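Here's the structure we're looking at; comments come further down.
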Amino acid sequence: MGITARGVGLLVAAVVLLGVGFRFAYPELTVLGAAAGAAVGYAALTAAWRPRLLVTRHADPDRVARGEPASMTLTVRNGGRLRSANLLAEDRCGERSVPVPLLRLRPGRDTEVRYDVPTHRRGVVPVGPLRVTRRDPLGLVALARPYGETTPVWVHPRIHPLTAVPTGAGRSLDGRVDGVPHGSITFNSLREYVVGDELRRVHWRTSARVGELMVRENVDTSLPRLVVLLDNRAVAHPDRVDGVAESFEAACEAAASVVTAAHHADLPVLLLMVGPETAGTEASNPEAIEPRRSAGPLDRLAAAELSGDGDALRATTTRLRQDRLGDTLIFLTGPAGRGELGHVGALRGAYPSVVVGVFGAAEPTPAGATGLVVIDAADGAAFAAEWDGVRRW
């Protein structure tokens, strides 16, 4: 609760009038002081009344590519039965405030406000909570309370279409890429039988032991596996424009484009970041992205921020060499990351195909310096154009 300047002045006047009235035995001053104090007390009680407001939000859509339109619909309902709500309210949308009219909102009625969500920058835009300010008629006391929860709107990086996806050492002998839903070569695990499974895949010995049908689950070892490594270290992206590292934004767009292209080709792909990810992401336990479930990595890219851990690349490449998470590695970095490409080049023994994307460099990367396939690009669109022209996977 906050007392306005008018309320503070009236409260001071009440104390002075009461003091002078009692000290010099002036009943008139005492009455005036008591009236002023009562006015402040009444204002506090009036502002303390908590209206019963029901707040709901609907984002259309809640996930959108950078630059595409998105809107938020806010509905506020007066759940009270006796009093009309006469309030001042504003909704928080990112860094700006949106006024919400709640004047004379009768019991059981609602009001609806629709406004655009800014999507000019990649990121997670928090919308809400609704901030409602209650004032007394005299303007002596003002009390602000939050209503509703915060609803995030995920602004994904732009996706540029890629006509080719690197398959590396995972190609079949006839040059095609197999896409067998249940695998065809190596036994992987057992699972419960579901309607539609072929009976020839039932493992009868295990089924007899556990008392229910168990089915063999195989994996196709010839299926290519892609690893996208995004360099999110601040030292790799030193240049800023209005506080934004454009090279990092371009690298996020390239990562989103590769992940989406792999998803369309039904290829397993793993998204990793060099430095620690922001809160809410699972950088320590990355999992392969299943086909038709690319929302996970796109959300991670929307929430990605630059990390201050400048020495993380060495540890990351060591882990990649030990784990061998795939057969094609795509490393995306900024202009200052070119000096550490030797760490990435050392992974060629574990990853038959290594592709490097360098963004925002003033001059091309020296050819043959690392023996890697290097794509120099100014932004995500240029990377997609150069990508389609590279065939040395």
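Details
- Meets criteria (within 24 Å of R106 (Cβ to Cβ), part of a helix (DSSP H, G or I) and touching an Asp or Glu at 6+ places or on another chain (Cβ under 8 Å)) for T75: no
- Residue satisfying all of: in the range 374-393; open to solvent by 60 Å² or more (accessible area, probe 1.4 Å) and either among the charged types (D, E, K, R) or farther than 23 Å from D327 by Cβ (or both); modelled with the lowest pLDDT among these: R392
- In the range 296-320, the residues that are modelled with pLDDT of 90 or more, of a type in the set (D, E, K, R) and either buried (at least 17 other Cβ atoms within 10 Å of the Cβ) or in a loop (DSSP other than H, G, I, E, B) (or both): D299, R300, E305
- Within the range 93-117, the set of residues being at pLDDT 85 or above and among the hydrophobic types (A, V, I, L, M, F, W, C) comprises C93, V98, V100, V113, V117.
- Selection from the range 321-373 of residues that are more than 12 Å from A236 (Cβ to Cβ), assigned to a helix (DSSP H, G or I), open to solvent by 60 Å² or more (accessible area, probe 1.4 Å) and among the small types (G, A, S): G349
- Answer residue from the range 235-260, given it is outside any helix (DSSP H, G or I) and touching a Pro at 6+ places or on another chain (Cβ under 9 Å) and is surrounded by the most Cβ atoms within 10 Å (Cβ to Cβ) among those: H237
Residue-wise test of (1) open to solvent by less than 50 Å² (accessible area, probe 1.4 Å); (2) free of Cβ contacts under 8 Å to residues at least 40 places away in the same chain; (3) in a loop (DSSP other than H, G, I, E, B).
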site: V64; (1), (2), (3): yes, no, no
site: G67; (1), (2), (3): no, no, yes
site: D91; (1), (2), (3): yes, no, no
site: V98; (1), (2), (3): yes, yes, no
site: R104; (1), (2), (3): no, yes, no
site: G108; (1), (2), (3): yes, yes, yes
site: E112; (1), (2), (3): no, yes, no
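- When R176, R225 are checked against the criterion of being under 30 Å from V344 (Cβ atoms), at pLDDT below 85 and loosely packed, with under 13 Cβ neighbours inside 10 Å, R176 stands alone in meeting it.
- Cβ separations smaller than 9 Å between residues 6+ apart or across chains give no pair from the range 188-200 residues that are on the phi > 0 side of the Ramachandran plot to residues that are at pLDDT 85 or above and of a type in the set (S, T, N, Q).
- Qualifying residue in the range 130-152 (condition: at pLDDT 75 or above, at negative phi and in a helix (DSSP H, G or I)): no
- Within the range 271-283, considering residues that are at pLDDT 50 or above and either of a type in the set (V, I, T) or open to solvent by 20 Å² or more (accessible area, probe 1.4 Å) (or both), the one nearest to the chain's Cα centre (by Cα): T278
- When residues of the range 1-57 are limited to those that are in contact with a Phe, Trp or Tyr (Cβ under 7 Å, 6 or more places away or on another chain) and in a helix (DSSP H, G or I), the one surrounded by the most Cβ atoms within 10 Å (Cβ to Cβ): T30
- All positions within the range 284-295 that are closer than 19 Å to H156 by Cα and either open to solvent by 40 Å² or more (accessible area, probe 1.4 Å) or at pLDDT 85 or above (or both): E290, P291, R292, R293, A295
The values are calculated or read from the model by the stated rules, or taken from the named source; none is laboratory data. This one's a predicted model, so the numbers in the text were calculated from it and none came from an experiment. For neighbour counting, all protein chains shown are included, and Cβ atoms are generated from backbone atoms with ideal geometry for every residue, glycine included. The accessibility values were calculated without ligands, DNA or RNA, using every heavy atom of the protein model including side chains. Shrake-Rupley method; radii C 1.70, N 1.55, O 1.52, S 1.80 Å.
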